[in-house]
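The values are calculated or read from the model by the stated rules, or taken from the named source; none is laboratory data. Note that the coordinates shown come from a computational prediction; the quantities given were computed from them, not determined experimentally. When we count neighbours, we look across all protein chains shown, and the Cβ atoms used for this are built from the backbone with ideal geometry, even at glycine.
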Ligand SMILES: Nc1ncnc2c1ncn2[C@@H]1O[C@H](COP(=O)(O)OP(=O)(O)OP(=O)(O)O)[C@@H](O)[C@H]1O
Ligand SMILES: Nc1ncnc2c1ncn2[C@@H]1O[C@H](COP(=O)(O)OP(=O)(O)OP(=O)(O)O)[C@@H](O)[C@H]1O
Ligand SMILES: [Mg+2]
Ligand SMILES: [Mg+2]
């Protein structure tokens, strides 16, 4: 285990813990995505790992060495952890190049050329941050973190400030850079798409507690509770024999006639297909169709019993 | 025609026009999405409509009345246009309620209760903006614009500051409010998804010129040029008989064996299916598959000739 | 082209209005230009040949020393208070502003007295440690000491901007530096200082202006600065023309400083923009506690406590000679003219800034720049300009309409102190996004309502700051009041000065005491107002 | 009605700003019912104001503590002659303006003070003697921008000629104990502190120092003695405080009344008892402290010369490095 977090707890105010208890570990070279709602404590978690916040209790171990426990506290200056912050990434009084080599040990200077090429910034070395686009700034931040060959890379919502057009290409580029440099990474985000596209494993965090920690596929197909299930995609709710089941939209098929009938509320053209929103027994349902359907018309639906997902009936109360 | 824009031109600096010439019109009650890259002049366009910027030439007509031409300039105070700005929309020294009824004529007060319920803000009337979440602030801005029963509603990237989780629900809510109040709306955005989900018609704007103005379905299926085509979704490029054709990813099918062979680069799990990225004759291709495929393996592809899209060979040079 | 654009714009009434007002504000200075004699003027040549080099050198020397001490007393305490939690922090956060309440000349006179042979310091040593009393028996009236004293009197200008800037920089950059392996000291020098430099420079700019215009203190210390040259030409040599020439020259030097400040400012303009997170205060480590207390205490001790106690002791000494009725009358005089003038200053400033904001015309950007020029001209010279101006007007009307009235006095105050009132309001306005204006316009607000309903409420703390700072400066103002006041009119400052130059410092104590007490009281309000701005923006 | 009202006032532009003046004006008002209005500022600024105001000036009287400024005003044609026999009889002949434009009210002497410990009274004689090498590093004096020093230098130019004055100044600067700075009181303190031995100061300030409320300052004042220079020849340099009637005085009668009052014995007594000056009225003796220094012979140079040679004096200061 490369990074190990055991029993981590953190609160800013006494009786309102942000992180109640967190145990998990990461293998070398893995990309982990830490998924949680805004304000759930994602940034706080990264600050604890990097030593910018003290922890209440627990152990943080990196590469076999204890960074933080009851007795030990390695200063943030001395942890080899790269941190790409959510906002304000570059020093405004320094050029891009100066930002990247800021306080850099001599031995790392040799990577500069490679890093700047890898991040596609070669033409921009002498620009000041305000002369760079958001994406260029993001890449520069990542280059600045990576050039120091960090033992661990922490990315705090690196895509949140980007246009969605530009975002995909930057996401791919960052992925490429991280994978090429084989850097162990924790990516914090609230966007499920980013997680699914980049991460080897996803960690879902809610109410101060880890909910599920698994690879994207298992997460989607075998969510541990309704919260995790809903985060990864739309869910349609259906009651059978007084039990609440769920089913994913893509498992539904439109048929000529069946018992399950839906009133169409909206029908969006989504390019490759139409997304249909309708009501089924007062629940809002989604499904896909290759063709447009008329609003307020009734359609019939079919699905396989095996595609139903079941959670404890209390689940949805628990998370609302 | 409800809103008519004829020959609109606008430049901040003499020889660098932001809007070269713009002609289009909107019917009453329609939602139009104005789609363009960052910095292409979307906000500028809205400011011209609302009278916050002067125009160089052209005519703007709303509901049969001329707002701006060579001789007439109706002051922004006197145009009945609601404008929801891109950033910081609420006045920090006023409560949510005070913000909404700010400078409101008496005759509109009666809509307050309804509007605040419609936008789901009933519990928050006495909060100050810094005590509201981003989404609540956005909804308040829209309520503030709508309560005045504007002849025209301008939304400038109302979703750009929002989490993607929260965004969908807010987008839906805004859509509902606009449709219920039957307000003619121009929605400016750079996100194609938002456009497709909300708009009756999409206007694509590039290099100071309107490129295409049509409903989402036509736009996707019959794009007028490669720029419009690419904006609406991924395109795969293929050369047949020295001519460049394009095809959408969902039109490709994986088959056992065929002439067209692709090397898989990435395979993302996307929930309902896998998205595959591969190389075909040095071009990057995308396609979908219900099953995972191995990276670096070769897959065979099939498509229908009728799904190919053709543009002038110069098209892609023109826009790069 | 530009003119045509103005004449045809929708805002031409505002633009023309602001042009007229700017013309009025600059009129006293323009009058001087009109009277500018040819450079052949013998007095000017004479001064140029004999004294100006010396005067220039000593001016710059004094500037450098004063700036050094201002930085020394301002930057570190501001840093400590903005970042660390420690017992006494709240106290220091208030008292470090207080030296601003003490006029520079009083600071100089008082310390000269304290340090003199008959002052408490030397007397103490003579009485108790006679053997070493010779070591403290020095002539303390040196230019270096003067620089130190002026630094003490003026550092709050730098302190206040640093305090705001350090708080606004917030935790983000500090966290980033830590993550990149910088120690706190390194962070301070490599990140915090460069980022705050525009703020520091704008604070230093005020210090420089004050030093360039100081006359009483420098004369007393026998340091001849550029302003001494102006007074030599004006007073001793009786050559008004030469004085005007020198003032114009000084104006150009100041314009140069202004240009540098602007350049610097624009380069870093973007950095506050959307920093939302307030820096959380760190707990001060035990081993640094004492040092921090000392660093914060020294500017307060030297800049306020000692002179204040000395003044209080002088009051006890002269208790039976104080004319309380006179004291009350002068207090009322000072307070009423300062209040009136500072309110007008703020109104005029608001007018210019608002017109600039909603016309967005580059012409208005320039006008609202140049109205600050009055601050660069020594008060006595502005007084001179107004005398020439109004006596000309009066003569042409052959009656005494304006001249020698409060009107002229207030006019001169406004001309001189617009810059002081402008800077806090301007920087606050810059922090608010354009979309407030646009939204308000879109919601149907005209210019007056925009000001009343949006800008005054959201910038109220900045406006309060401007009022207070201008008021305190006016309370201390001397040269303009001396020359332009109406009959039988004294202020606390003039009375203090008259006693001081008649070598009756103890008698002046009661008057300076009131200045300091009123100033201190307002500075405490100011501190709250500044802190609120930090938290709000 | 307006004229009547006006005639109950008199307006002063005054360089004097002592509490004693206010007392005098009050007495005057009590006596005559005429209200005294005044603006206090520096002499040059007031003259500039007077000059620019021209005919519209509200000023009746100009008050200065320097004969040079009065002469300057007269030169600029800002004053008118006063021919009141009452005034002429009130003040010493030799203090009066030969041209009749201004009248003196008080005068001060530019005296030497010396350390009782380190200087023999016998070694002191004249201003000129201070340039002697024996005083090297022992002389204290304030800056040349001070009007009293300018008047002293003007008197030396007037009496001895520019060349002699220039040589004297050059040698004197070499004898300075330190760069000129501070006020007259500081020069005395510097003697007490041992930084110099002899200071050129204004008699008036020594009086003030000797009446200080602070014991240490009194000690400093007692450690020095006053010496009137040039008693063997032309006498010690003096300068007057004086009044001039403005050319366009709107309340001329009242102004003359005030002048008569201020030179009267009664008012002159008030001056000397409150401000350590010498009275222009020969019948009035100075205050106790001042009397203690003894009588002295004053330089009876035409005081207008102090203004006339002002420019030359300044040039001498600048060329000889008297800062
Ligand atoms: N220094 C602090 N002191 C007190 N409370 C804090 C501090 N920093 C953060 N918080 C609070 O802790 C909670 C978690 O904050 P955090 O920044 O970790 O959230 P996040 O998951 O990163 O959210 P986002 O997606 O908006 O960035 C929030 O409620 C926040 O207000
Ligand atoms: N007041 C102005 N003066 C000069 N140039 C301006 C002004 N406002 C905007 N511009 C420039 O005009 C161009 C278009 O700006 P605009 O704000 O309209 O873009 P946008 O399409 O809204 O972009 P975004 O998606 O980033 O909001 C930009 O290059 C911008 O820098
Ligand atoms: Mg965060
Ligand atoms: Mg925009």
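Here are a few things to note about the model shown:
- Of the helices (runs of 4 or more DSSP H) lying entirely inside the range C:404-498, those carrying at least 3 residues that are over 22 Å from residue C:344 (Cβ atoms) and without any contact (Cβ under 8 Å) to a residue 24 or more places away in the chain are C:434-442.
- Within the set B:210, B:203, B:187, B:252, the sole residue that is free of Cβ contacts under 8 Å to residues at least 60 places away in the same chain and touching a strand residue (DSSP E or B) at 6+ places or on another chain (Cβ under 9 Å) turns out to be B:252.
- The range B:136-160 residues that are under 18 Å from residue B:188 (Cβ atoms), paired with ones that are within 16 Å of ligand 3 (Cβ to nearest atom) (beta carbon under 8 Å, 6 or more apart): B:138/B:161; B:138/B:162
- Note on the range A:19-46: residues that are buried (at least 22 other Cβ atoms within 10 Å of the Cβ) and either out of contact with any strand residue (DSSP E or B) (no Cβ under 9 Å at 6 or more places or on another chain) or on the phi > 0 side of the Ramachandran plot (or both) total 1.
- Here residue A:99 meets the list (1) closer than 21 Å to residue A:76 by Cβ; (2) within 16 Å of ligand 3 (Cβ to nearest atom) almost entirely, failing just condition (2).
- Entirely in the range D:1-118, the helices (runs of 4 or more DSSP H) that have 1 or more residues that are without any contact (Cβ under 8 Å) to a residue 24 or more places away in the chain and over 18 Å from residue D:154 (Cβ atoms): D:2-6, D:19-32, D:43-53, D:85-90
Listed here are the residues, each with its yes/no results for (1) farther than 30 Å from residue C:87 by Cβ; (2) within 14 Å of chain D (Cβ to nearest Cβ); (3) touching a residue at least 24 places away in the same chain (Cβ under 8 Å).
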| position | (1), (2), (3) |
| --- | --- |
| C:290 | no, no, no |
| C:301 | no, no, no |
| C:309 | no, no, no |
| C:312 | no, no, yes |
| C:346 | yes, no, yes |
| C:349 | yes, no, yes |
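- Some residue of the range B:25-45 being away from ligand 1 (no atom under 16 Å from the Cβ) and over 20 Å from the mean Cα position of the chain (by Cα): no
- Filtering the range A:121-144 for residues that are in a loop (DSSP other than H, G, I, E, B), more than 14 Å from chain B (Cβ to nearest Cβ), more than 16 Å from ligand 3 (Cβ to nearest atom) and under 22 Å from residue A:46 (Cβ atoms) leaves an empty set.
- For the range A:75-110, a residue qualifies if it is crowded, with 18+ Cβ neighbours inside 10 Å, more than 8 Å from chain C (Cβ to nearest Cβ) and part of a helix (DSSP H, G or I), and the qualifying residues are A:96, A:99, A:100.
- The single condition among (1) assigned by TED's automatic domain parsing to the domain that holds residue A:288; (2) touching a strand residue (DSSP E or B) at 6+ places or on another chain (Cβ under 9 Å) that residue A:228 does not satisfy is (1).
- One residue from C:461, C:489, C:471, C:499 being within 8 Å of another protein chain (Cβ to nearest Cβ) and in contact with a helix residue (DSSP H, G or I) (Cβ under 8 Å, 6 or more places away or on another chain): C:489
- Enumerated strands (runs of 3 or more DSSP E) restricted to the range B:239-287, each holding at least 1 residues that are within 11 Å of chain A (Cβ to nearest Cβ): B:260-269, B:274-280
- Count of the range B:47-64 residues which are at the interface with another protein chain (Cβ under 10 Å from one of its Cβ atoms), assigned to a loop (DSSP other than H, G, I, E, B) and either touching a strand residue (DSSP E or B) at 6+ places or on another chain (Cβ under 7 Å) or surrounded by 17 or more Cβ atoms within 10 Å (Cβ to Cβ) (or both): 3
- Search result, residues across the range D:251-292 that are out of contact with any strand residue (DSSP E or B) (no Cβ under 9 Å at 6 or more places or on another chain) and not in a helix (DSSP H, G or I): D:264, D:282, D:283, D:287
- Count of the range B:46-86 residues, restricted to those that are more than 12 Å from residue B:9 (Cα to Cα), touching a helix residue (DSSP H, G or I) at 6+ places or on another chain (Cβ under 7 Å) and touching a residue at least 24 places away in the same chain (Cβ under 8 Å), is 11.
- Selection status of residue B:40, more than 16 Å from ligand 3 (Cβ to nearest atom), out of contact with any helix residue (DSSP H, G or I) (no Cβ under 9 Å at 6 or more places or on another chain), closer than 24 Å to residue B:157 by Cα and in a loop (DSSP other than H, G, I, E, B): yes
- Set D:163, D:167: member being in a helix (DSSP H, G or I) and free of Cβ contacts under 8 Å to residues at least 24 places away in the same chain: D:163
- Residue-level check: of (1) within 16 Å of ligand 1 (Cβ to nearest atom); (2) touching a strand residue (DSSP E or B) at 6+ places or on another chain (Cβ under 8 Å), residue A:67 misses just (1).
- Any chance residue B:178 is away from chain A (no Cβ under 13 Å), closer than 14 Å to residue B:32 by Cα, part of a helix (DSSP H, G or I) and touching a strand residue (DSSP E or B) at 6+ places or on another chain (Cβ under 9 Å): yes
- Residue D:283 meets the conditions (1) touching a residue at least 40 places away in the same chain (Cβ under 8 Å); (2) over 19 Å from the mean Cα position of the chain (by Cα) in every case but one. The failed one is (1).
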